[in-house]
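Some notes on the structure that comes next.
What follows draws every value from the coordinates through simple rules; no lab data is involved. None of the values given here were measured: they were computed from a predicted structure. So basically every Cβ, Gly included, is an ideal-geometry build from the backbone, and we count neighbours across all protein chains shown.
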Amino acid sequence: MPTDHRSRIVAWDRQLRDVHARLRDSLQIARDAIDDDAASGDRLTSDLRLFCTGFCAALDGHHRSEDAAMFPDLVALDPSLADVVAQLVRDHSVLAQLLGSLQEAVEAGHDAAALHRHLDGIEAIMETHFRYEEKRLLEPLARLTSDRPPREMLGPLA
């Protein structure tokens, strides 16, 4: 008999760490694609567009899922997390703006150095955000029970 998300206990704290690891890996893949294009002398290949667009979609999808599903469930579990969640939602807004700027730079065919600067800014905010989120939410997430599927809670990489 197949097992789905409702018939198992989801360790939401582990799931969150796993998604963060996948997002870090996706960022590195986007960086590698930029470097590969620069080394080959290509201005902008379809692979680079794919990797950068994929990274942007994955990070944005993760944050949208957290905002819509995971955060409300956590605040319902522990209302004292409301201020933490509000800060994380603000971070999501900043990251969405940075992702939009990266997408524009990719579409405009900016050079490798400019694209790396965009990724540097995203990475700095993303890492600070991930560390704060893990520090403040892993313990409550370990206590969270939900019938929601992991993708609904944590986005496309769950």
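So what J values fall out for the range 139-152 if you push phi through Karplus, 6.51 cos²θ - 1.76 cosθ + 1.60 with θ = phi - 60°, rounded to Hz, Gly and Pro as x?
Values per residue, Gly and Pro as x: 5, x, 5, 5, 9, 6, 10, 7, 8, 6, x, x, 4, 5 Hz.
Which is farthest toward the positive dipole end of the range 12-154 among 140, 125, 154, measuring Cα position about the Cα centre, with Cβ charges +1 (Lys, Arg) and -1 (Asp, Glu)?
Of 140, 125, 154, it is 140.
Is the shape of the chain best called rounded, prolate or oblate, per the rule: a/c under 1.5 gives rounded, else a/b larger than b/c gives prolate, else oblate, with a ≥ b ≥ c the square roots of the Cα gyration tensor eigenvalues?
Judged from the Cα gyration tensor, the chain comes out prolate (a/c at least 1.5, a/b above b/c).
Between residue 107 and residue 67, what is the label-point separation in nm under the 7 Å Cα-to-beta-carbon projection?
Taking the simple label geometry, residue 67 and residue 107 are separated by 1.9 nm.
Only Lys, Arg, Asp and Glu count, each charged at its Cβ (+1, +1, -1, -1), so figure out the dipole size of the chain about its Cα centre, rounded to 20 debye.
With Lys and Arg at +1 and Asp and Glu at -1, about 480 debye.
Once phi is turned into ³J(HN,Hα) by the Karplus curve 6.51 cos²θ - 1.76 cosθ + 1.60 with θ = phi - 60°, what whole-Hz value does each residue of the range 98-104 show in order, with x for glycine and proline?
Running phi through 6.51 cos²θ - 1.76 cosθ + 1.60 with θ = phi - 60° gives 5, 5, x, 5, 4, 4, 4 Hz.
First check a/c for the range 17-84, with a ≥ b ≥ c the square roots of the eigenvalues of its C-alpha gyration tensor; if it is under 1.5, answer rounded, and if not, answer prolate when a/b is larger than b/c or oblate otherwise.
Verdict is prolate for the range 17-84.
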